[in-house]
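Worksheet: the structure to be examined is printed underneath.
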Amino acid sequence: MSARYTGEPLLEVSDLHVSFSTYGGHVQAVRGASFTLNQGETLAIVGESGSGKSVTARSIMKLLPKDTAKITSGSIKYKNQELIHHSEKQMRKIRGSELTMIFQDAMTALNPTINIGEQLMEGIRHHQKLSRSDARKKAIQMLKLIGMKDPEVRLKQHLHEFSGGMRQRVMIAIAAIGNPSILIADEPTTALDVTIQAQILDLFKMLQQEIGVSIIIITHDLGVVANLAKRVCVMYAGKIVESGTVRDIFYDPKHPYTEGLLASMPRIDGDKGSPLTSIPGTPPDLFAPPEGCAFAVRCPHAMEVCRSYEPPNVQVGGFDSHYAACWLNDERAKSVLRQKENSHRKELEPVVM
């Protein structure tokens, strides 16, 4: 059982930059991401495909491809230890025991040639130095904890004998069996039907209560965020453009990209037959990111300053938990918008004869 950390925050990511070397140049996949994770909380990182979510998660685990990827600058501190400078040997001591990750596709993340029991026992035998019989007992307990029937039988089975939902449960069991401090889940409900999805989310909640694990969940599904997370980071073009509590993000968004994501969610109370809302345009080319706000070319409220200068990440909404990087939150922009609104109202007033 890994030792618990009483200080806050448990994880600090500061000004993280990650790039990939390709035949066409350097792709700036993550461009200054900063966030914290506190003990026992669930943090969601949301955004479109290609926004840098998974690269950020793999950077924390130091699982980026060595030949092409590089953390060019920034800091990743876990329990006040700087992970950026950790060697592979040092990372192996905490990866799988204190820091664990659930990958997107169980079919490719799990080994189809080895039975589930061996894959469950491998990590704890390595990190906790358990005997084979003790590791087997713990594996059975873990399968029972995640609601798997006939765990003794399941240990002997292979990947092809499990359904999609059961494979995902096995992935979660492998990640949680070492009683980690942080569990990173990368799109854990992708390709699952809504019933199984709800079961998987309930499983995360149960694990958090049982072992006190802190969770980072990476997703593009805002329904998952509302159901599971406490805080949210909205990521776009390698940057975190807005962060706050679930209530902040869902009920008082302060960035046009966040508003676009929320508007694109299908609503059960919406008009039947009405077209789905989408964000026009495409994300920017990260070979050569724009000088100003990366969302400016797709933003319906873009101003000249947006295309020339990058907006600062400032506190918004009157809460110290809510931050957004958008020029619309600048007092000068607010003043101009108020003037336009007042002018529009005057134009609509009836002429007094």
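The values are calculated or read from the model by the stated rules, or taken from the named source; none is laboratory data. Being a predicted model, the structure only gives us computed values, none of them experimental. Heads up, the Cβs are rebuilt from the backbone with ideal geometry, glycines too, and the neighbour counts pull from every protein chain shown. The protein model used for the area step is the full one, side chains on, heavy atoms only, and it has no ligands, DNA or RNA in it. Shrake-Rupley method; radii C 1.70, N 1.55, O 1.52, S 1.80 Å.
Quick notes on this structure:
- Residue in the range 103-111 that is within 28 Å of residue 57 (Cα to Cα), open to solvent by less than 20 Å² (accessible area, probe 1.4 Å) and either at pLDDT 90 or above or in contact with a Ser or Thr (Cβ under 9 Å, 6 or more places away or on another chain) (or both) present: no
- Residues of the range 241-269 that turn out to be closer than 20 Å to residue 301 by Cα, open to solvent by less than 20 Å² (accessible area, probe 1.4 Å) and acidic (Asp, Glu), as a count: 1
- Only residues that are within 11 Å of the chain's Cα centre (by Cα) and among the polar types (S, T, N, Q) were counted across the range 23-69, and they come to 4.
Matching residues to (1) closer than 27 Å to residue 139 by Cβ; (2) open to solvent by 40 Å² or more (accessible area, probe 1.4 Å); (3) of a type outside the set (Gly, Ala, Ser):
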{"residue": "27", "(1), (2), (3)": "no, no, yes"}
{"residue": "32", "(1), (2), (3)": "no, no, no"}
{"residue": "39", "(1), (2), (3)": "yes, yes, yes"}
{"residue": "52", "(1), (2), (3)": "no, no, no"}
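- Residue list for the range 154-213, restricted to those being part of a helix (DSSP H, G or I) and either of a type in the set (Phe, Trp, Tyr) or touching a Pro at 6+ places or on another chain (Cβ under 7 Å) (or both): 159, 160, 168, 200, 204
- Entry remark, the range 300-334: residues being open to solvent by 70 Å² or more (accessible area, probe 1.4 Å), more than 22 Å from residue 251 (Cβ to Cβ) and in a loop (DSSP other than H, G, I, E, B) number 2 in total.
- Residue within the range 80-96 that is touching a residue at least 60 places away in the same chain (Cβ under 8 Å) and open to solvent by 20 Å² or more (accessible area, probe 1.4 Å) present: yes
- Number of positions in the range 170-205 that are touching a Leu at 6+ places or on another chain (Cβ under 8 Å) and open to solvent by 40 Å² or more (accessible area, probe 1.4 Å): 2
- Qualifying positions in the range 209-223 - of a type in the set (S, T, N, Q), crowded, with 18+ Cβ neighbours inside 10 Å and out of contact with any Lys or Arg (no Cβ under 9 Å at 6 or more places or on another chain): 214
- Scoring residue 4 on the criteria (1) under 26 Å from residue 127 (Cα atoms); (2) modelled with pLDDT of 95 or more; (3) surrounded by fewer than 16 Cβ atoms within 10 Å (Cβ to Cβ) leaves a single failure, condition (2).
- Residue 69 vs. criteria surrounded by 21 or more Cβ atoms within 10 Å (Cβ to Cβ) and at negative phi: no
- Residue in the range 249-271 that is in contact with a helix residue (DSSP H, G or I) (Cβ under 6 Å, 6 or more places away or on another chain), in contact (Cβ under 8 Å) with a residue 24 or more places away in the chain and farther than 26 Å from residue 330 by Cα present: yes
- The range 224-238, subset in contact with a helix residue (DSSP H, G or I) (Cβ under 8 Å, 6 or more places away or on another chain) and assigned to a strand (DSSP E or B), residue most open to solvent (accessible area, probe 1.4 Å): 231
- Qualifying residue in the range 92-104 (condition: more than 14 Å from the chain's Cα centre (by Cα), of a type in the set (Val, Ile, Thr), assigned to a loop (DSSP other than H, G, I, E, B) and within 20 Å of residue 186 (Cβ to Cβ)): no
- Subset of the range 121-139 (residues that are part of a helix (DSSP H, G or I), open to solvent by 20 Å² or more (accessible area, probe 1.4 Å), free of Cβ contacts under 8 Å to residues at least 24 places away in the same chain and under 15 Å from residue 177 (Cβ atoms)): 122, 125, 132, 134, 136, 137
- Members of the range 289-317 found to be in contact (Cβ under 8 Å) with a residue 60 or more places away in the chain and over 19 Å from residue 47 (Cβ atoms), listed by number: 317
- If you go through the range 239-275 and keep only what is in contact with a Ser or Thr (Cβ under 7 Å, 6 or more places away or on another chain) and in a loop (DSSP other than H, G, I, E, B), you end up with just 264.
- Filter result for residue 147 (surrounded by fewer than 16 Cβ atoms within 10 Å (Cβ to Cβ), over 28 Å from residue 36 (Cα atoms) and not β-branched (Val, Ile, Thr)): yes
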